Structure formats: C-alpha cells, structure tokens
Amino acid sequence: MKVALIRDASFFEAMERDAQRLRVFETEAMERVIYRCAELHVNHIAFSGDPFEFGSSRPLDFGHWSAHKLEQLSNYRIRHGEAVAIGIALDVIYSRLVRLIDCQSAERILTLLERLGFELFAPELLQVNANGRLRISEGLEEFRQHLGGGLTISLLEGIGHETTVHTMKTQLIWKAIVELSKRSRSEVQEERVKRTNLFPVPLT
C-alpha cells in the first residue's frame, strides 16, 4: 500500500478490488501485489536520481517517521508492518488536515487499511514525556537524524501522488491521533478489537 499510495493510483485500485483476497493471503492476489511492488521499488532505485538515498528525500519511507518511534515505544510489541500501517494512517489524516488530500481519498485509504486487517491505533500514540510533549513527535527529530540532518516528510496530494514537507505541526499530529482513536472505537472496530484481543486506551 505504501508504494501504491506514493507512486501508482491504479495499483491502489487493484488492491481495493483484491482486498478480501489479500487479507487471507490468497496466492494469486499476493503474487500480483508483490511483483508490482518490487517493480515500483526497482523503478525508484533506477530513475529517482538518488539510488543510494544520499539525499534527504526518501519517499519510500512514507509512514515511517512515526512507525519507527511507535515500534520503540511499544518495546517492539508492534511489528514493523503494523507500525507502518498506523504511520500511513496518521500521515494520511495529517495530509487531509493541511488540505493536501481530499476527504474522500483519505477515507478510501483508511478503509482499505482496515479491510486488509490492520489496526490503525495503538495506545502508545498517546504517551507524553515529562514535559507533556507527545513522545511520538520525538520521532520527527529521530527521523531527521536518520535522514542525515535534513527533515523531509512524504505526505499525499492524492492517491498515487506524494509531496514533501520539512516541518509538521504538533497540534495537527495530535488531532490526527485523536481521530484515529475515535475511529478505533467505532462499532465495526470494537468488534474487530474483541476478536484480535487489542484494547485501545480511550481518550479522556
């Protein structure tokens, strides 16, 4: 989904059509996704102009600035792919809040993540440090270091179209987290939480 969102809208649409098959790892559907994903990665390496990612722009890290921190905050209870799914959801909502992507497209993305079986909220998103600052936002500084000194975050202008920003507003990150928490407590999500033994912490 990550590479589809930043590179290929038709690939995203194919994943929407195959969502149920992908959720149960149906072989043919999985093969189609794996081959197309690999092709898009190779194209990025071959034609991006920065094959070894020496620069500060790493679009294939979409959804990763918060994912890396979320893994750490959960003591790696949350696996990498699960953390990236949450990170993508967070950045999709942020993209919508800053009016880069429209509401309908954002909802399609979040819905597909859920249809594929991903939980889009983790209680670790709510952790704060001694100064009352969101710990997940510390991931921005750590991601800057990961990029070698310059912060470049990929966001979405539409499905299949990424853009980059160099700052993110903590208030809007918090607003996106609140939205994910509320979404996780909807009737549909509550049923799935029961089935998977995930218990999101409610906001107070």
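The values are calculated or read from the model by the stated rules, or taken from the named source; none is laboratory data. Remember, it's a predicted structure, so these values are computed and weren't measured experimentally. All Cβ positions, even for glycine, are placed from backbone atoms using ideal geometry, and neighbour counts span all protein chains on display.
The conditions of being over 18 Å from Met1 (Cβ atoms) and either among the hydrophobic types (A, V, I, L, M, F, W, C) or exposed (fewer than 15 other Cβ atoms within 10 Å of the Cβ) (or both) are not met by Leu155.
Are any residues in region 113-133 surrounded by fewer than 18 Cβ atoms within 10 Å (Cβ to Cβ) and in contact (Cβ under 8 Å) with a residue 24 or more places away in the chain, and if so, which ones? Please lay out each step first, then the result.
Restricting attention to region 113-133, the residues satisfying the condition of being surrounded by fewer than 18 Cβ atoms within 10 Å (Cβ to Cβ) are 115-117, 123, 127-133.
Hits for region 113-133 are Arg115, Leu116, Gly117, Pro123, Gln127, Arg133.
Just give me the residues in region 52-78 being among the basic types (Lys, Arg), more than 15 Å from Lys2 (Cβ to Cβ) and either at pLDDT below 90 or under 13 Å from the mean Cα position of the chain (by Cα) (or both), in sequence order.
Here is the first cut: in region 52-78, the residues among the basic types (Lys, Arg) are 58, 69, 77.
Applying the additional criterion that residues be more than 15 Å from Lys2 (Cβ to Cβ) yields 69, 77.
Selection gives Lys69 alone.
Against the numbered list (1) part of a strand (DSSP E or B); (2) modelled with pLDDT under 95; (3) more than 13 Å from the chain's Cα centre (by Cα), Ser154 comes up short only at (3).
Within the bounds of region 173-185, is there any residue that is assigned to a helix (DSSP H, G or I) and at pLDDT below 70? Checked region 173-185: no residue is assigned to a helix (DSSP H, G or I) and at pLDDT below 70. Considering region 79-110, the residues that are small (Gly, Ala, Ser) and under 13 Å from the mean Cα position of the chain (by Cα) include one that is farthest from Glu13 (Cα to Cα), namely Ala83.
In region 114-134, the qualifying residues are those that are closer than 15 Å to Gln72 by Cβ and assigned to a loop (DSSP other than H, G, I, E, B), and the one that is nearest to the chain's Cα centre (by Cα) is Ala122. Evaluated against (1) surrounded by fewer than 24 Cβ atoms within 10 Å (Cβ to Cβ); (2) part of a helix (DSSP H, G or I), Leu100 falls short on exactly one condition, (2). Does region 160-172 contain any residue that is within 15 Å of the chain's Cα centre (by Cα), among the small types (Gly, Ala, Ser) and closer than 15 Å to Arg99 by Cα? Checking region 160-172: not a single residue is within 15 Å of the chain's Cα centre (by Cα), among the small types (Gly, Ala, Ser) and closer than 15 Å to Arg99 by Cα.
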